[in-house]
Amino acid sequence: MERSKAFGTALASILLGGGALALAGYALASATPHQGALMCQATTTGNCTLTISSFPDSLAGEHGKSGGAHPDWVSYSNDNLVAPANTTVTMTINQYDSGGALNNKAFFSRVWGTNGGTATISTPNAAGTSYTTATVSKVDGTNVGHTFTLRGIPGNGTPIFVSVPLPADPATNSVTVGDATYSSPVKVTFSFKTGTPGVYEWNCEFPCGGSREGQFGYAMSAYGYMSGTLTVK
Amino acid sequence: MAEMKNKENLKGMFATWVILTVVGVAIGIWGPARLMPRSMSDNMHLTILTMVVFTVAAAPVAAGVYAVTLHALRHWVHKGDNVPAPAAEQTRENATLTASWLIASTVLTVFLLIWGLGALAVDNGSAGRNPLVVDVTGQQWLWTFSYPGSNVQSPTLVLPEGRTVDFHITALDVTHGFWIANMGVQVDANVGTTTQIHTTPTALGQFDIRCTQFCGLNHAFMVTTGDVVTKAQFNSWLASQSQKA
């Protein structure tokens, strides 16, 4: 009797513990640290467009008017991009931030993996009244605001590597984005082809996060700021 | 009567030791090549061989521990609340047994030490007369590869089969770990320091390159692919990348 009671208690403990672990695992697997999805807008068959921005703070974009928990952290406007499989994505990034020198200038000042190996960059003048447009395969690595660097994870979708440097914004005028005020952005447009369904990671490769981790702390070490995913489905 | 039973028990323990040793040796011979990543270099061949030799050499020792444990659990367990009676016969101060154990342990340990130092010397030896130098740069959260003598840079690694590759590894921000499991190559990438390690690819095919030092938010995604190709394919790839640059 005593034995069967002890056995029953042990069994119940194991089942309860296992259940609690399974529940915690399910909750963790279901949770996503990312923001709401930004869908690539279809234009013609096999083509779609995505437009995002990079800001010097978090006062515009997905963090809301107050900038969320860290209003002074640099951020991309969206960190959860979604595009169809086997589609040409034409992406425009409005770059509102200032810049500096890249860590690995020779590599990250180049445009990698885009259609034609180029990006089209429209740079405003200081007053923000006019733009100069050029199609380039490389930029000045000492004056870059951020990079958009997208890569596939082996075994998860088609191998892909796209990296585009976003030059620093030279404008000094004032434009309003939501409730925030910046200067006219540098507009960088490029296109790339998605492959098979999968989740691809992207992040900025300019050391813009601050703190002691090689300037890759703070905004660079938290979801929702300078990194995100591209879900291809 | 008790003495005879004790001897029978010891025979059983010896038989268990022999059986477990055979199982351990079999696992040692069968396991490493099948459970470890596919070997694609001379370093990985040596690593797998070292695992085989060490596992086989350790099998009798592990089997001995398990055999004594099982023997004790089976025959030296006292059931009941009363104090157990003293054992009928105990083996104490057996010089032959002690000397055998000490000599066997010493021989085994010295053998493993010599093998380990030899394997380390092979890994750390010269890269040969005409190695292909590849500069490896780790940074959050990407590996980049440059081929000195050309203007080629790449986010993926392409290597020719049969030619020794001398990796010159560094990091730009924090410490990373450069690991090609299929080639038995793993070394830290440190800021401000260039570390060299070499290997000779011996099999065609793809492999993954991972970071083994936790380096921040996207550490888990600091993975890229590599490819071992024929010498002709490598030269062709190098030429095409050189034109792009």
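The values are calculated or read from the model by the stated rules, or taken from the named source; none is laboratory data. Computed from a predicted model, the values in this text were never measured in an experiment. With ideal geometry, Cβ positions are generated from the backbone for all residues, glycine too; neighbour counts draw on all protein chains shown.
Which residues, taken from region B:187-220, are surrounded by fewer than 16 Cβ atoms within 10 Å (Cβ to Cβ) and either in a helix (DSSP H, G or I) or within 14 Å of chain A (Cβ to nearest Cβ) (or both)? Answer for region B:187-220, where residues must be surrounded by fewer than 16 Cβ atoms within 10 Å (Cβ to Cβ) and either in a helix (DSSP H, G or I) or within 14 Å of chain A (Cβ to nearest Cβ) (or both): B:VAL191, B:GLY192, B:GLY205, B:GLN206, B:PHE214, B:ALA220. Is there a residue being away from every other protein chain (no Cβ under 14 Å), out of contact with any Phe, Trp or Tyr (no Cβ under 7 Å at 6 or more places or on another chain), in contact (Cβ under 8 Å) with a residue 40 or more places away in the chain and surrounded by fewer than 17 Cβ atoms within 10 Å (Cβ to Cβ) anywhere in region B:159-167? Checked against the condition, which is being away from every other protein chain (no Cβ under 14 Å), out of contact with any Phe, Trp or Tyr (no Cβ under 7 Å at 6 or more places or on another chain), in contact (Cβ under 8 Å) with a residue 40 or more places away in the chain and surrounded by fewer than 17 Cβ atoms within 10 Å (Cβ to Cβ), region B:159-167 yields at least one hit.
Residues in region B:221-243 that are within 12 Å of chain A (Cβ to nearest Cβ), surrounded by 14 or more Cβ atoms within 10 Å (Cβ to Cβ) and not in a strand (DSSP E or B): B:PHE221, B:MET222, B:GLN241. Residues in region B:26-52 that are surrounded by 17 or more Cβ atoms within 10 Å (Cβ to Cβ) and farther than 21 Å from B:ALA203 by Cα: B:GLY28 only.
For A:PRO165, state whether it is in contact (Cβ under 8 Å) with a residue 60 or more places away in the chain, away from chain B (no Cβ under 14 Å) and buried (at least 18 other Cβ atoms within 10 Å of the Cβ). No, not satisfied. Put simply, of B:THR170, B:THR156 the only residue that is surrounded by fewer than 20 Cβ atoms within 10 Å (Cβ to Cβ), within 12 Å of chain A (Cβ to nearest Cβ) and within 24 Å of the chain's Cα centre (by Cα) is B:THR170. Only one of the numbered conditions (1) out of contact with any Pro (no Cβ under 8 Å at 6 or more places or on another chain); (2) surrounded by 11 or more Cβ atoms within 10 Å (Cβ to Cβ); (3) modelled with pLDDT under 95; (4) assigned by TED's automatic domain parsing to the domain that holds B:THR193 is violated by B:GLY149, and that is (2).
Scan A:VAL139, A:VAL188, A:VAL175 and give me the residue that is away from chain B (no Cβ under 14 Å) and touching a residue at least 60 places away in the same chain (Cβ under 8 Å).
Values: A:VAL139 fails: touching a residue at least 60 places away in the same chain (Cβ under 8 Å); A:VAL175 fails: touching a residue at least 60 places away in the same chain (Cβ under 8 Å).
The unique qualifying residue is A:VAL188.
Please work out which residue is surrounded by the fewest Cβ atoms within 10 Å (Cβ to Cβ), limiting yourself to region A:148-159 and to residues that are part of a strand (DSSP E or B) and within 10 Å of chain B (Cβ to nearest Cβ). Step through it out loud before you land on a result.
So in region A:148-159, the residues part of a strand (DSSP E or B) come out as A:148-153, A:156-159.
Remaining after also requiring within 10 Å of chain B (Cβ to nearest Cβ): A:149, A:151-153, A:156, A:159.
Numbers: A:THR149: 23, A:ARG151: 26, A:GLY152: 24, A:ILE153: 19, A:ASN156: 16, A:PRO159: 18.
Here the answer is A:ASN156.
Taking region A:195-229 as the range and being in contact (Cβ under 8 Å) with a residue 24 or more places away in the chain, more than 9 Å from chain B (Cβ to nearest Cβ), surrounded by fewer than 23 Cβ atoms within 10 Å (Cβ to Cβ) and of a type outside the set (A, V, I, L, M, F, W, C) as the test, the residues that pass are A:GLY195, A:THR196, A:PRO197, A:GLY198, A:TYR218, A:THR229. When you scan region A:116-123, do you find a residue that is under 29 Å from B:ASP173 (Cα atoms), assigned by TED's automatic domain parsing to the domain that holds A:PRO167, modelled with pLDDT of 95 or more and surrounded by 22 or more Cβ atoms within 10 Å (Cβ to Cβ), even just one? Looking for residues that are under 29 Å from B:ASP173 (Cα atoms), assigned by TED's automatic domain parsing to the domain that holds A:PRO167, modelled with pLDDT of 95 or more and surrounded by 22 or more Cβ atoms within 10 Å (Cβ to Cβ), one finds at least one in region A:116-123, hence yes. For region A:44-71, the tally of residues that are modelled with pLDDT of 90 or more and acidic (Asp, Glu) stands at 1. Applying the set (1) part of a helix (DSSP H, G or I); (2) in contact (Cβ under 8 Å) with a residue 24 or more places away in the chain; (3) among the β-branched types (Val, Ile, Thr) to B:ILE103 leaves exactly one unmet item: (2).
Per-residue answers, yes or no, for (1) closer than 30 Å to A:THR196 by Cα; (2) without any contact (Cβ under 8 Å) to a residue 40 or more places away in the chain:
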{"residue": "A:ILE93", "(1), (2)": "yes, no"}
{"residue": "A:SER98", "(1), (2)": "no, no"}
{"residue": "A:ALA101", "(1), (2)": "no, no"}
{"residue": "A:ALA106", "(1), (2)": "no, yes"}
{"residue": "A:GLY117", "(1), (2)": "yes, yes"}
{"residue": "A:SER122", "(1), (2)": "no, no"}
{"residue": "A:ALA127", "(1), (2)": "no, no"}
{"residue": "A:THR132", "(1), (2)": "no, yes"}
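Pairing each residue of region B:40-51 that is in contact (Cβ under 8 Å) with a residue 40 or more places away in the chain and assigned by TED's automatic domain parsing to the domain that holds B:GLY116 with any residue that is of a type in the set (Val, Ile, Thr) and part of a helix (DSSP H, G or I), provided the two are 6+ apart or on different chains, yields C-beta distances under 8 Å for B:LEU46/B:VAL122. Scanning region A:143-161 for residues that are aliphatic (A, V, I, L, M) and touching a Gly at 6+ places or on another chain (Cβ under 7 Å) gives A:VAL144, A:ILE160.
So for region A:53-62 (the condition being closer than 30 Å to A:TYR182 by Cα, in the same structural domain as A:VAL199 (by TED's automatic domain parsing), surrounded by fewer than 16 Cβ atoms within 10 Å (Cβ to Cβ) and touching a residue at least 12 places away in the same chain (Cβ under 8 Å)), does at least one residue qualify? Looking for residues that are closer than 30 Å to A:TYR182 by Cα, in the same structural domain as A:VAL199 (by TED's automatic domain parsing), surrounded by fewer than 16 Cβ atoms within 10 Å (Cβ to Cβ) and touching a residue at least 12 places away in the same chain (Cβ under 8 Å), one finds none in region A:53-62, hence no.
I'd like to check something: does region B:75-94 contain any residue that is part of a helix (DSSP H, G or I), hydrophobic (A, V, I, L, M, F, W, C) and out of contact with any His (no Cβ under 7 Å at 6 or more places or on another chain)?
To start, the set of residues in region B:75-94 that are part of a helix (DSSP H, G or I) comprises B:75.
In the following step, the residues that additionally are hydrophobic (A, V, I, L, M, F, W, C) were identified as none.
Among the residues of region B:75-94, not one is part of a helix (DSSP H, G or I), hydrophobic (A, V, I, L, M, F, W, C) and out of contact with any His (no Cβ under 7 Å at 6 or more places or on another chain), which makes the answer no.
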